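Structure below; questions to follow.
Nothing in this text is a laboratory measurement; each read-out follows from the coordinates by a stated rule. Since the structure is predicted, the reported quantities are computational estimates derived from the model, not experimental observations. Because the Cβ atoms are built from the backbone with ideal geometry, glycine has one as well, and the counts that use them run over all protein chains shown.
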Ligand SMILES: [Cu+2]
């Protein structure tokens, strides 16, 4: 009798212990699932800090604002070094555009501003919005490659058959890594028409004869 | 009271069972079936590669074969086999009446046939000419598995989710059983090494299977719900996929080897008639291997352009793993040193494991060196490496364990003639199959390609012969298991192996092991 009751006690104890442990383990599981998602922003930060994958910082320091250009005048040009900068640009599969630089290579001194034109042409029969993603190779040069003006800062919208000239203004900082003699700036353009939300202006609001105009707005 | 009832009759016994031995048997049978399915896919690969040029299948179908072979073997054959061994042996080794969570145990098994029916259905559809099975490699790198993937990828994603849930539940069950159900006196440092290795494996599973689930969920939302985790067009990065995948993937390869370490650590003392040398160092070595496995993942990604400091870090961390692994190999050899050894089939497989796994370990050390990896990457050298550790490593460990415990499970000795034939054929053919791959890999033959240059023709012919031979040899295993399962063979004593009683509690219960063991906890000396 007492033994049986004791046995029951032990069983209940074990069950309570089991449940406690199971809950802890499940929490670890959920945490690790969250960790997989946390790797996404961690990776972004890591890449921007290290220039891994030749990723360029398009938000803060990497993108030089027009207001800061005055300051750029103070930059000294290091004529003792000459760096070859190569350009590559093409459209990703599924985007029927021609995208190419006017020249495939220029030479610059660190600190020197340079302008290079790129050409984009919409070869397809419809209006397309595309986005060009830049990348620098070798990757550890990415943090020292500054762009003042670039078509990659915004999405590009070309009507069917439209052709466009797009300037890129850049300079290499004075502390550009000494081991890099040649650096490549590559652009890949992707079709983002589907990812851009198209807002139709309401008909009754507009009397200006602009009906049918659309405002493109990035949805992501 | 129904406390000592036997099993139900017929199909219901297997559908509703919560008995750890039944569930162990289910896992092992399922794993054997998947081993043959994965093997058939491998035979298609080797048939195509026997001669240069394209003869048997088209390149796209070839890609589906390499992909599904990997997935089926990793998630269907090796992992469930370990869970099967854990179910059978852990309660008996720690003096517990059953697993701690028997109903969840039933559920975690029955998810597996569902998961693999889904995956297999896409292979069958593809074979019948409707669409494609997953064709992006078992590592399913984006964008191959997102932007360019066949429709069946969604089947694959659901299937991976289900097998992930199954593995996690299995792992939780193992941890809870080991922590809460040990017999009084069975302290952690008295547990057999198989229990230790499985405890550590279970923690690895709990830590990384959710990361895999995260990766496939991101793939799913990239494919259908407009996210861009791995799509550069939307600001994502395909290389991020590789980081997430290998954060799961490297611990995963230890999930597939640690339990085999445990099996071998049980077998070598029995047949050397000496206690395991350096028990405590074995435990610490296993734990350090598991911890290090979280900081080496980018050694799979040296050619993606890591920063120099990163490449060096991952290279040194990877090389560091060879130290605890070396400790283990040293301990196994030291256990045999001056032991009075006999060479029964489980011991033969355990010895083959030690030697062949070490070969795989050395080629792994070569691959760990960043500059050299640039030559080896994506060649047959890599294929040779991971098959040495997974086939002659993990799978041989499973074979060894099955032969070691089969007499306890069935009460009869396996057919020794067939078992010896299985050992010798497997060992000879596995080397014929995988050893030449080192050479063709060093000479530059790329993996995952259905065709190759003429200079690789002779080697590949021999490799294919080795492949067919190894595949056919496994029919011997099937015959042995069926014979023993039907109770045909010499009856064995309770301790089965001479003197085994002192090496583990499982040898103190009757043979065959009764449906319920240790309903009252044993006395631990
Ligand atoms: Cu690895």
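Just how many % of Cα pairs in the protein assembly as shown lie over 40 Å apart, if you round to the nearest whole percent?
In whole percent, the long-distance tail amounts to 42.
Can you compute the equivalent ellipsoid semi-axes for segment B:20-236, i.e. the square root of 5 times each eigenvalue of the Cα gyration tensor, sorted largest first and rounded to whole Å?
36, 21, 14
Starting from the Cα of residue A:119, step 7 Å along the direction of its Cβ; do the same at residue B:516; then give the gap between the two resulting points in nm.
Result: 8.6 nm between the two label points.
At 222 nm, what value in deg cm²/dmol follows for chain B if DSSP H runs of at least 4 each add -39500 (n - 2.57) and the sum is divided by all its residues, to the nearest 500?
The helix contribution divided over chain B gives -22000 deg cm²/dmol.
Once label points are set 7 Å from the Cα along Cα→Cβ at both residue B:291 and residue B:482, what is their separation, rounded to one decimal in nm?
In this crude spin-label approximation the distance works out to 4.9 nm.
Okay, next question. Please state the relative contact order of segment B:377-500 as a whole percent: Cα pairs under 8 Å, 6+ residues apart?
Over segment B:377-500, the number comes to 42 percent.
Where does helix B:279-292 land angle-wise versus the long Cα axis of chain B, in degrees 0 to 90, nearest 10?
30
Now, a different point. Work out the FRET efficiency for residue A:30 and residue B:273 from their Cβ-Cβ distance, taking R0 = 45 Å, and round it to the nearest 0.05.
Once rounded, the FRET efficiency stands at 0.40.
Sticking with this structure for a sec: Could you tell me what fraction of 2.2 N^0.38 Å the Cα radius of gyration of chain B comes to, as a two-decimal ratio?
Normalised Rg, Cα atoms only: 0.95.
Could you give the angle, 0 to 90 degrees to the nearest 10, between helix B:380-389's Cα long axis and the longest principal axis of the Cα atoms of chain B?
The helix B:380-389 is inclined about 10 degrees to chain B.
Quick one: Debye curve from the alpha-carbon atoms of segment B:215-349 only, equal weights, vacuum; give me log10 I(q)/I(0) at q = 0.09, 0.15, 0.21 Å⁻¹ to two decimals.
For the requested q values the scattering log ratios are -0.43, -0.81, -1.15.
Same structure, new question: Suppose R0 equals 60 Å; then what is the FRET efficiency for residue B:333 and residue A:12 from their Cβ-Cβ distance, rounded to the nearest 0.05?
0.80
Roughly what angle does helix B:193-224 make with the longest principal axis of chain B, taking Cα atoms, 0 to 90 degrees, to the nearest 10?
Roughly 30 degrees, rounded to the nearest 10.
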